[in-house]
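*Asks:* Structure provided below as structure tokens; questions to follow.
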Amino acid sequence: MAVRSIAFTAYPAEDVQRLLAFYRDVLGLRVDRAHPDEVDAQFVEFDAGDGHWFSVIPDRFAGRPAGSGSGVVFEVDDIDAVLEDVRKQAKSADEKVTDYPTCRIASFEDPEGNKVGLHQTTGAR
């Protein structure tokens, strides 16, 4: 097999510093690297745990407009609490969480409109 794992997921940003603050302060992601630093960040790499990385990069570098990212889903322990915090700063957010037999799911748009999912495992998979 040629693919061993996902190296990272990257979302395009018009304002990298604004999204750095959102993902760090609202979702609690740990900044692993910010180039050149967090104050003047041109790109940011967050440690999402268990060897997973999430990056925010300039839209011109991504070759896609800010707000066009879609596909990242973060595992959380308390989806209701996270969604409540997210609603305060997100562009939009689901009104309610959808329950499934083994999980709960909700989504929102970050401040630039990138779609982000939230997932909480509730039972055996």
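We did not get these values from a lab; they are worked out from the coordinates using the rules stated. What you are looking at is a predicted structure, and each value in this text was computed from that prediction instead of being measured. Glycine also receives a Cβ, built like all others from the backbone with ideal geometry; neighbour counts cover every protein chain displayed.
*Asks:* Would you confirm whether or not the stretch 74-97 contains a residue that is in a strand (DSSP E or B), touching a helix residue (DSSP H, G or I) at 6+ places or on another chain (Cβ under 7 Å) and surrounded by 11 or more Cβ atoms within 10 Å (Cβ to Cβ)?
*Replies:* Step one: filter the stretch 74-97 for residues in a strand (DSSP E or B), giving 74-75, 92-93.
With touching a helix residue (DSSP H, G or I) at 6+ places or on another chain (Cβ under 7 Å) added as a condition, the list becomes 93.
From what's left, surrounded by 11 or more Cβ atoms within 10 Å (Cβ to Cβ): 93.
Within the stretch 74-97, one or more residues are in a strand (DSSP E or B), touching a helix residue (DSSP H, G or I) at 6+ places or on another chain (Cβ under 7 Å) and surrounded by 11 or more Cβ atoms within 10 Å (Cβ to Cβ).
*Asks:* Follow-up. Val73: closer than 21 Å to Leu118 by Cα, in contact with a Phe, Trp or Tyr (Cβ under 6 Å, 6 or more places away or on another chain) and without any contact (Cβ under 8 Å) to a residue 60 or more places away in the chain, yes or no?
*Replies:* No: the conditions fail for Val73.
*Asks:* If you don't mind, another one. Out of the residues in the stretch 38-68 that are more than 12 Å from the chain's Cα centre (by Cα) and acidic (Asp, Glu), state the one that is farthest from Phe108 (Cα to Cα).
*Replies:* Asp40
*Asks:* Given (1) small (Gly, Ala, Ser); (2) assigned to a helix (DSSP H, G or I); (3) under 13 Å from the mean Cα position of the chain (by Cα), identify the lone condition not met by Gly113.
*Replies:* (2)
*Asks:* Being assigned to a loop (DSSP other than H, G, I, E, B) and in contact (Cβ under 8 Å) with a residue 24 or more places away in the chain is the filter; apply it to the stretch 34-48 and report the residue that is surrounded by the fewest Cβ atoms within 10 Å (Cβ to Cβ).
*Replies:* Within the stretch 34-48, the match that is surrounded by the fewest Cβ atoms within 10 Å (Cβ to Cβ) is Gln42.
*Asks:* Further question: Could you say which residue among Arg64, Arg24 is surrounded by 13 or more Cβ atoms within 10 Å (Cβ to Cβ) and either part of a helix (DSSP H, G or I) or in contact with a Cys (Cβ under 7 Å, 6 or more places away or on another chain) (or both)? Please lay out each step first, then the result.
*Replies:* Numbers: Arg64 fails: either part of a helix (DSSP H, G or I) or in contact with a Cys (Cβ under 7 Å, 6 or more places away or on another chain) (or both).
It is Arg24.
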